1. Where Lys and Arg each count +1 and Asp and Glu each count -1, what net charge lies around residue A:136 among other residues with Cβ under 11 Å from its Cβ?
2. For the range A:1-124, with the dipole built from +1 on Lys and Arg beta-carbon atoms and -1 on Asp and Glu ones, taken about the Cα centre, which of A:69, A:108, A:31 lies farthest toward the positive end?
3. In terms of the Cα gyration tensor, with a ≥ b ≥ c the square roots of its eigenvalues, is the range B:211-314 rounded because a/c is under 1.5, prolate because a/b exceeds b/c, or oblate?
4. Using Cα-Cα distances under 8 Å and only pairs 6 or more residues apart, what relative contact order does chain B have, in percent?
5. If packing is taken as the mean number of other Cβ atoms within 10 Å per residue, what is the order of A:193-206, A:50-63, B:103-116, highest first?
6. Take every residue in peptide B:108-121, count the Cβ atoms of other chains within 10 Å of its Cβ, and give the average of those counts.
7. Order A:229, A:152, most accessible first, counting only protein heavy atoms with a 1.4 angstrom probe.
8. Rounded, prolate or oblate for chain B? Axes are the square roots of the Cα gyration tensor eigenvalues, ordered a ≥ b ≥ c, and the cut-off for rounded is a/c under 1.5.
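The values are calculated or read from the model by the stated rules, or taken from the named source; none is laboratory data. Quick caveat: nothing in here was measured; it's all calculated off a predicted structure. Virtual Cβ from ideal backbone geometry, glycine too; neighbours counted across all protein chains shown. Side chains included, ligands, DNA and RNA excluded: accessible areas come from the protein's heavy atoms. Shrake-Rupley method; radii C 1.70, N 1.55, O 1.52, S 1.80 Å.
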Amino acid sequence: MKILVCVKQVPDSAETLSINDAPPRIIYGDASVFRMNRYDEFALEEALLTRERFPDCTVDAVSVGPQRVRSTIRKALEMGADQGIHILVESGEYVSPLARASLIAEYARSRSYDLVLAGIMAEDDMEFQVGQVLAELMGLPCATSVMLQEMDRMRGTVYVEREIEGGDRECLTIALPAVLTIQSGMNTPRYPSLSNVLRARRQDLVTIDPPQRWPGRETQLITALSYPDAGSPGNFLEGSTVDKARGLIRILHEHSLL
Amino acid sequence: MYTHVYIIALHAQGKIAPETYEAVSFARDLGAEKKTILVLGTLPQVEHMARELAERTGIAVTGAVAENLGHYSAEAYKSTIRTLIEGTSPFALCIPHTAAGYDFAPGLATALEVPCITAVEGLSEGSFIRSLFGGKIRAHVKPSTPSCVVTVLPGAWQAPAATQGSAPDVTIVPAEARQETTVPLGLKRAAARDIGFADAEVIVSVGRGIGSPQNLSLIRDLAALFPKSAIGATRAVCDLGWLGYRHQIGSTGTTVSPRAYIACGISGAIQHLSGMRNSQVIIAINTDPHAAIFRVASCCIVEDLTTFIPVVIDEYTKRS
Ligand SMILES: Cc1cc2nc3c(=O)[nH]c(=O)nc-3n(C[C@H](O)[C@H](O)[C@H](O)COP(=O)(O)OP(=O)(O)OC[C@H]3O[C@@H](n4cnc5c(N)ncnc54)[C@H](O)[C@@H]3O)c2cc1C
Ligand SMILES: Nc1ncnc2c1ncn2[C@@H]1O[C@H](COP(=O)(O)O)[C@@H](O)[C@H]1O
């Protein structure tokens, strides 16, 4: 059995970012630190847990992006993935979810994965899309916001609970192969083990150069980037820490809460 | 150019999801000449919902009925909607950005070979505005095709006021919902989570900014100053196992509206805000002056909570 996990690299904090106006693009300052998208850590953990249940299972991790994303693919190996795949896209421009999903589909299509896992959303662009689009491109069923999955290999299905508003869960079974997008809290992502860290250091990543023309690249464009209106309706307390503490106590008194 | 937009109504237990009406307001702002609402399900619910939608919005409604539309499934929704809109060339399909909406919208768009633009919260000169990086940056996104699928961020538009006058006709059509790979098995309710949120006058709520579970005692001490209080948390804190999920406030947790909500080390992600923005007084303590939480707070305190909360407790004890 083969599992593919989509992992995206994201900046650890938005504080080191700035905006370039023309062309509109995000500039990552020198102090930027990059890490794996948190939802993808849960997806990878779920794949590793599944491999523990089915010893014939292998787990591949794939990421689309520039050279720097190799550190995140390597992190996936350190956590325990068997193989890392880097789809190299050097562009500093916005790459639409359709384009990213197309590149992953291109790679995955001929490799008969039984299960493809992605995060519910990427913390940087928050699009909630790549898993669903990938599924459609590959002609596979898909469930999002998954909090529980149990594979039934005899039947060739997976039982899934997907979280909806208020924490309720929709239960369904879908046919394998399938794509699931994982919600946070589904498991507890592991820390890399020393043996995996050593293995990851020696292991080569598979590097894929995308075709000259990729599908879906220009279907949606970012025409501008901006900061949200600075104006907060709220009142910022001023002064020293003690002044602010007194200010807060006064406000609580005024509302007869203290 | 003649423009047509569709709004896909979402519902649960026979009730229209309120986010559907927000998507209707969004669709109005697009200024299209023709609007149609689609609602999918089984009889008799679809008929009731179609009438309610037509009466409240004054927009023509098509209700699609199939036996296997009793429970939501992405597969059934995608195939049914594709057939319903066949032959029309809509400018946009507007879908609420809820757990069902984002489940099927991107796949539907891909099948229709049009782009999907998700979690849209504003419009500007033909572009859709959406947030990046937890609301720190806004992107203006434009489809390069004449058609697109858009998911509308809950809370970004207000539901329209009920229309006066006679409601347009509703059309009920039989549908063929494909369901070959999915078997929906129904809903599991969240475990009861009552930890006294309803009775609490003040909710002291904690986010990842607390840094470590050892610092939770600060939150407990702060909450103990108030006669009726409870401790809330973000999903991030619950995922880390620092507090149980019963404490989680937000779109997938509990929705609260206490007299005061004190957000400590919480960034203000939209999914958190939707669970607490109706609190009467919102106080936020955060080291980052640009944190999104400050845009909903009436009292904003830029401080490190680990040093600030002890000072508050100290100042209060000195006074009383
Ligand atoms: C489908 C879906 C549903 C979700 N449902 C929910 C939900 O119901 N509820 C929910 O809460 N989230 C939910 N989330 C997650 C949500 O998107 C955010 O990831 C989460 O709310 C972030 O939690 P946080 O504010 O604690 O952490 P972060 O976003 O990491 O913010 C931490 C904040 O602490 C500040 N800080 C750091 N150190 C200090 C300090 N010493 N003193 C003061 N401030 C400090 C930082 O400046 C930052 O603003 C959901 C996500 C998805 C995709
Ligand atoms: N560049 C990428 N490389 C690999 N996986 C990605 C990439 N972008 C998105 N994904 C996957 O798709 C999920 C949803 O991302 P998004 O649709 O961008 O919010 C992420 O959690 C990843 O699992």
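1. Within the 11 Å Cβ shell, the charges total -1.
2. Of the options given, the answer is A:108.
3. The shape class here is rounded.
4. The normalised contact order for chain B reaches 15 percent.
5. Averaged packing, sorted descending, gives the order B:103-116, A:50-63, A:193-206.
6. Other-chain Cβ atoms within 10 Å of each residue's Cβ, averaged: 5.
7. A:229, A:152
8. Verdict is prolate for chain B.
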